[in-house]
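Taking it in order: structure first as structure tokens, then the write-up.
The values are calculated or read from the model by the stated rules, or taken from the named source; none is laboratory data. Predicted, not measured: the structure shown is a model, and the values here were computed from it. Because the Cβ atoms are built from the backbone with ideal geometry, glycine has one as well, and the counts that use them run over all protein chains shown. Surface areas here come from the heavy atoms of the whole protein model, side chains and all, with no ligands, DNA or RNA. Shrake-Rupley method; radii C 1.70, N 1.55, O 1.52, S 1.80 Å.
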Amino acid sequence: MPVAASAIYFLNLRGDVLINRLYRDDVGGNMVDAFRTHIMQTKELGTCPVRQIGGCSFFYMRISNVYIVIVVSSNANVACAFKFVVEAVALFKSYFGGAFDEDAIRNNFVLIYELLDEIMDFGYPQNLSPEILKLYITQEGVRSPFSSKPTDKPVPNATLQVTGAVGWRREGLVYKKNEVFLDIVESVNLLMSSKGSVLRCDVTGKVLMKCFLSGMPDLKLGLNDKIGLEKESQLKARPTKSGKTIELDDVTFHQCVNLTRFNSEKTVSFVPPDGEFELMKYRITEGVNLPFRVLPTIKELGRTRIEVNVKVKSVFGAKMFALGVVIKIPVPKQTAKTSFQVTSGRAKYNAAIDCLVWKIRKFPGQTEPTLSAEVELISTMTEKKSWTRPPIQMEFQRRLIWVITHIQVPMFTASGLRVRFLKVWEKSGYNTVEWVRYITKAGSYEIRC
């Protein structure tokens, strides 16, 4: 359920009330005294941001030298309450020139009361977008002398943005060149056994966009997800030739996405915000294409010598490459001397982390560089403890340079996700240039040895 806040208080570090607003009559005006007595004076502020005293719950957060406290008398959504606080602070900072502290609150009492009446109605959060609120609350706050001068330009049609469905984009935008940039950024999480079997593997990804489009365009994004292609095939009454399909898990969208159309047509349709934003996030747990295979061989030769051989195979296309590849191979703490032979890149021993660090600046696809190392250990008279081998860790970033979406280029992503089409429609009918980039990074990429 929503927040349903009964009251909100702004307190300084001494517990003095700077400003407060009561939204419901189900709590008394002395509830802040309970917060001081049971939480502030007992020095339990840092233990838990949610406390229940009597029949009321207190959600509080410290911003600079101010405590913001929300009081509720019913079962409320805690995450929504803290999200409201974060968004409200961002709104206040936009009016105050980036500062939010006790002095900023004391200098802007009237403005804060006006904003509190707009952003919450009977305890329920409302619109907290600074761009929209500044269209009809034009009063300027007392700004910090160190803040930059505001550059926001007023938009004449405030009613449309406040009551309409596109509050995240203002009208009247004009660009000389209309372009759309789309990034698919994925992180691969892997845990592999020493024998090469996958113990755990998943991909978390997000679709980032940067739009420089005139007017109020309507975009439609097509992906090779299984549900969307099946729906498209039903609508067209014929099978769709799409190649590999994937199943997206835990998908979340930006507020601009038309969820009604997504539920009915399974297409991502939206009116984009201007500039950069995150369109969607997802997770893949099946059918993951591993970008690298790591084959380690570590032999302990007696008590003072270890032989290390590591082969790393890139399984993506030969025309692609990975950047900043780092392989960390653990060695015992009593390492005294190391010697290396590598077919690509550079390697060294890092005593601070007890690892052999192998770095390859540019790793082409379909190659198999190897590392061979000899590790000499310090000989001790005490009984040697068995060495518990930590896993090999790998870092990398693989990317494809910008490509125009209508050119068919074989692209590699760990999840197999690809963009089938990106359509832009605007009533003026201007031409657009669409760009797509795929970036794959290592999340937790570990191989037991």
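Annotations for the structure displayed:
- Options K359, K333; residue that is over 22 Å from M192 (Cβ atoms), basic (K, R) and open to solvent by 40 Å² or more (accessible area, probe 1.4 Å): K333
- Selection status of L22, touching a residue at least 40 places away in the same chain (Cβ under 8 Å) and out of contact with any Pro (no Cβ under 6 Å at 6 or more places or on another chain): no
- Within segment 412-424, the residues that satisfy the criterion of being open to solvent by 20 Å² or more (accessible area, probe 1.4 Å) and either in contact with a Lys or Arg (Cβ under 6 Å, 6 or more places away or on another chain) or modelled with pLDDT of 90 or more (or both) are K423, V424.
Conditions (1) modelled with pLDDT under 80; (2) surrounded by fewer than 18 Cβ atoms within 10 Å (Cβ to Cβ), marked per residue:
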| residue | (1), (2) |
| --- | --- |
| V3 | yes, no |
| I19 | no, yes |
| D25 | no, yes |
| Y67 | no, no |
| A88 | no, no |
| F92 | no, no |
| D101 | no, yes |
| N108 | no, no |
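- Of all residues in segment 263-276, those that are surrounded by 19 or more Cβ atoms within 10 Å (Cβ to Cβ) and free of Cβ contacts under 8 Å to residues at least 12 places away in the same chain total 0.
- Contacts under 9 angstrom Cβ, first residue in segment 334-361 being over 24 Å from K313 (Cβ atoms) and in a strand (DSSP E or B), partner open to solvent by 90 Å² or more (accessible area, probe 1.4 Å) and among the β-branched types (V, I, T), 6 or more apart: T335/I378; A336/I378
- Considering segment 306-327, the residues that are modelled with pLDDT of 90 or more and open to solvent by 50 Å² or more (accessible area, probe 1.4 Å) include one that is nearest to E374 (Cα to Cα), namely E307.
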